[in-house]
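What follows is calculated from the coordinates using simple rules that are stated; it is not laboratory data. What you see is a predicted model; the values in this text were computed from it and never measured. Here the Cβ positions follow ideal geometry from the backbone for every residue, glycine too, while neighbour counts run over all protein chains shown.
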Amino acid sequence: MAQNKNGEIRECKRCGKMFFYTGVGKCICAECKAEDEAEFEMVKDYIYDNHSATIMQVSKETGVKICRIKSYLRDGRLIIPDGSPIFLNCEVCGTNIKFGRLCRECADTMSSELKREMHVDEFQIGDKPKSTYDARMRFLDRDHT
């Protein structure tokens, strides 16, 4: 595969054409991305206007394949409204979820298990910096200003 410091030539996973992939987003060409975005907008608009539609109805009325609609939900691009007959299942426990791949409980469990397997203690998990920037240097053993 041809490669340079900014990316590489890849085959589009949808249409098979070769394109320059920068390593960001799905591995699909610009034409397929545009088609995907147009289909996403159709699905989003249809669901907004028809809250009680099933996934089969959404697919039939928009012409968008069920697998693509499910990928929008799994990617978190769409969220199933409360009371909708459309739902996804957690990939671990099978409980109904409104978007994504995992329910909150399974995600928390996986996170805990990963920390345990990697032998990460709470003190090894850093806090994000606050939005205000203070450029003063800090010392662990004494305060020097």
With a Förster radius of 30 Å, plug the Cβ-Cβ distance of Gln57 and Met118 into 1/(1 + (r/R0)^6) and report the FRET value to the nearest 0.05.
-> 0.10
Computed lengthening from Lys17 to Ser84, 0.36 nm per intervening residue step minus Cα-Cα distance = 20.4 nm
Once you list every other residue whose beta carbon is under 11 Å from the beta carbon of Arg74, what net charge do they have if Lys and Arg are +1 and Asp and Glu are -1?
-> +2
Taking the Cα-to-Cβ direction at Glu31 and at Cys93 and moving 7 Å from each Cα, how far apart do the two end points lie in nm?
-> 4.5 nm
Return a single number: how many Lys pairs in region 1-78, at a sequence separation of 8 or more or on separate chains, have alpha-carbon atoms below 29 angstrom apart.
-> 28
